[in-house]
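Notes to accompany the following structure.
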Amino acid sequence: MNFADLKEQWLQEERVAHIKGWDFSHIEGRYEEGRDIPWEYKDVVQRYLKRDSKLLDIDTGGGEFLLSLNHPYRNTSATEGYPPNVALCREVLQPLGIDFREADDVRHLPFEDQSFDIVINRHGDFDIPELLRILKPHGVFVTQQVGAKNDRELVDLLLPGTEIPYPEQFLQKASERFSAAGFEILQAQENFSPIRFYDIGALVWFARIIEWEFPGFSVESCFERLCKAQQMLDQTGCIEASVHRYLLVALKK
């Protein structure tokens, strides 16, 4: 297939690059990631979650992970700030009796002081002083975060010279901030594992969705880089980079 035909395919991927919740099923089987992370976030959460725990999920996305916990709805709260996901949460979570509230500023969450036994957050934003406020004494915060070096080889391939969007996102720095605020660190792990793309169209879709890592990306502006990526894929069978994740569990003393 020539590059003109490939360009049309890539432009089509760009046109359909929208997401509801946090659903990557559009590129399922065309890429893989996260298979070598040495912890399972859900297992970690459930280790600290009791049936009578008051639970809050900050930046819940579409609520997919939250619902997978099967926690009693009367003890479950969630926030989200991204408008399409807010609409989805109102449609899915509120009818179940989950206390969902729109919140786009994690520094000011719409809950009373000392409301929660456990607060969780996967790949979202959080504010340490606000966590101290809303957690009960001996409450636990569990987070899995995307690290500063996430997907950097892909960014360098498509948009060389792009600055790291969140340069503070390292486990050691996060641990130091929580300790300085008076939390006890219960668990802390950091990991780099492979992410692989098996066709460039999937990479195009991914780069448009993860726009904060790939600022200004488009098929037109990055066409020559995409052609180079296609040649690399033809030679090796995939485009491989690194996923950067860290896990932190902190106890409010």
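If you take the residues of region 1-58 that are in contact with a helix residue (DSSP H, G or I) (Cβ under 8 Å, 6 or more places away or on another chain) and acidic (Asp, Glu), which of them is nearest to Ala188 (Cα to Cα)? If we take residues in region 1-58 being in contact with a helix residue (DSSP H, G or I) (Cβ under 8 Å, 6 or more places away or on another chain) and acidic (Asp, Glu), then Asp57 is nearest to Ala188 (Cα to Cα).
Taking Asp151, is it buried (at least 16 other Cβ atoms within 10 Å of the Cβ), among the acidic types (Asp, Glu) and under 30 Å from Arg225 (Cβ atoms)?
Answer is yes for this residue.
Here Phe141, Phe170 are screened, and the one residue that is modelled with pLDDT of 95 or more and crowded, with 19+ Cβ neighbours inside 10 Å is Phe141. Taken over region 37-51, residues that are touching a residue at least 12 places away in the same chain (Cβ under 8 Å) and within 15 Å of Gln144 (Cα to Cα) amount to 9.
Here region 115-131 is the region considered, the condition is being over 17 Å from the mean Cα position of the chain (by Cα) and of a type outside the set (A, V, I, L, M, F, W, C), and the residue that is surrounded by the fewest Cβ atoms within 10 Å (Cβ to Cβ) is Pro129.
Among the residues of region 97-114, is any at pLDDT 95 or above, at positive phi and not charged (D, E, K, R)? Yes - at least one qualifying residue is present in region 97-114.
Here is the figure for region 124-136: residues that are in contact with a strand residue (DSSP E or B) (Cβ under 9 Å, 6 or more places away or on another chain), assigned to a loop (DSSP other than H, G, I, E, B) and at pLDDT 95 or above total 1.
The values are calculated or read from the model by the stated rules, or taken from the named source; none is laboratory data. Just so it is clear, the model here is predicted, and its values are computed rather than measured. So basically every Cβ, Gly included, is an ideal-geometry build from the backbone, and we count neighbours across all protein chains shown.
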